[in-house]
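Notes for the one structure printed next.
What follows draws every value from the coordinates through simple rules; no lab data is involved. In this text the structure is predicted, and so the values were computed from the model without any measurement. As a convention, Cβ positions derive from the backbone with ideal geometry for all residues, glycine included, and neighbour counts pool all protein chains shown.
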Ligand code: ARG
């Protein structure tokens, strides 16, 4: 079950991986700390080091820019330590930003803060009717939106996101509290492609049986990561189609990516892991 699959299939090895420049939103973690616990990774009794969080975050920011990506910044609001996880701030396709409506009271003020940023930048903002945590639970894979539920985003937000963007939405149910957002259990490897060419990596055990069946049917070439790599939030990663920025701790995933023709680049975000987030959580894709 936990064996890496398909990393050695000849079609995967011979595939030509092409990077494309991306546009991201990030938030410098100037007020990062852990003062509450809304996921199993967070422990307010453990010390955090804000300066180290900023330094690690800066490594990621600089890396994106060196890869040719554009990174916009939103200011962190004091008292909203989780704002650094911009992936949860909304879901953006074609200049339309579907706003977030957070599950937990501690993060609820982030919803309007991100919507204000989108409005200021000229995005058309859609106020959310239903609880959803943005790109933490909505992943655009090919033409389809994969949508997570179980811990955070409510399933009625899946219908909402589908009607806003006029796309097929596939509901996936998460069952392991360590993988409470979809982007902790699935990595989108092909950001710019259609359904026929789309590929992902994922941790099957993070999903219920029906979701596992659906993922296996849709993505027969997917990389299945080990529980070990999943457990360091290795899947919480960002691909430009060739370069895949991952946790430097996810050694098995790194080898699988390389075997499949990608260029994995490891970064250490240990401080941000104390809040239960990794590379992807700190990155929201802006699709103009
Ligand atoms: N502490 C944050 C929370 O529990 C972490 C969010 C991580 N974001 C993500 N896209 N997975 O909400």
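Give the shape of the range 61-113 as rounded, prolate or oblate, defined through the alpha-carbon gyration tensor: a ≥ b ≥ c are the square roots of its eigenvalues, a/c under 1.5 means rounded, and otherwise the shape is prolate if a/b is larger than b/c and oblate if not. Write out the running numbers ahead of the final one.
Details: a/c = 2.79, a/b = 1.48, b/c = 1.89.
In terms of gyration-tensor shape, oblate.
Could you tell me what % of all Cα pairs in the range 185-231 have separations over 17 Å?
Roughly 31 percent, once rounded to a whole number.
Between 40, 29, 81, where does the largest GNM mean-square fluctuation fall for the chain, given springs only between Cα atoms within less than 10 Å?
Most flexible of the set in this elastic network: 40.
Go ahead and estimate [θ] at 222 nm for the chain from helices alone: -39,500 (n - 2.57) per DSSP H run with n ≥ 4, summed, over the residue count, rounded to 500.
-7000 deg cm²/dmol
Let me check against my output: what whole-number percent is the relative contact order of the chain, with C-alpha pairs under 8 Å and at least 6 apart?
It comes to 24 percent, rounded to a whole number.
Sorted from fewest to most neighbouring beta carbons within 10 Å, what does the list 22, 167 look like?
167, 22
Give, in whole angstrom and from largest to smallest, the semi-axes √(5λ) of the equivalent ellipsoid of the chain, with λ running over the eigenvalues of the Cα gyration tensor. It would help to have the intermediate numbers written out before the result.
Numbers: eigenvalues 135, 91, 72 Å².
Listed largest to smallest, the semi-axes of the chain are 26, 21, 19 Å.
Let me know the shape class of the range 100-148, please: from the alpha-carbon gyration tensor, a ≥ b ≥ c as square roots of the eigenvalues, rounded when a/c is under 1.5, otherwise prolate if a/b is greater than b/c, or oblate. Please list the in-between numbers first.
Details: a/c = 2.41, a/b = 1.21, b/c = 1.99.
Oblate, since a/c reaches 1.5 and b/c is not below a/b.
Can you classify the range 139-288 as rounded, prolate or oblate using the Cα gyration tensor, where a ≥ b ≥ c are the square roots of its eigenvalues, rounded means a/c under 1.5, and otherwise it's prolate if a/b beats b/c and oblate if not?
Rounded.
Where both partners of a DSSP beta bridge lie in the chain, what percent of those bridges are antiparallel, to the nearest 5?
Values: 17 of 36 bridges.
Just about 45 percent of them are antiparallel.
Determine the distance separating the Cα centre of the range 167-224 from the Cα centre of the range 98-130; give it in Å without decimals.
25 Å
Mind sorting 164, 145 by how few other Cβ atoms lie within 10 Å of their own Cβ, fewest first? Present the calculation step by step, with values, prior to reporting the outcome.
On the way: 164 16, 145 22.
With the sparsest Cβ surroundings first, the list reads 164, 145.
Rounded to the nearest 5, what % of the DSSP beta bridges within the range 56-202 are antiparallel ones?
The answer is about 60 percent antiparallel.
In whole Å, how far is the Cα centre of the range 240-282 from that of the range 75-93?
20 Å
So for the range 81-127, averaging the separation of alpha carbon pairs under 8 Å that are six or more residues apart and normalising by length, what relative contact order in percent results? All intermediate terms of the calculation are to be shown ahead of the outcome.
Numbers: 57 pairs, mean separation 18.0, N = 47.
Once divided by the residue count of the range 81-127, the mean separation gives 38 percent.
Could you line up 197, 31 from fewest to most neighbouring Cβ atoms inside 10 Å?
Ranking 197, 31 by Cβ neighbours within 10 Å, fewest first, gives 197, 31.
Counting C-alpha atoms alone, how compact is the range 1-157: give Rg to one decimal and Dmax as a whole number, in angstrom.
17.6, 51
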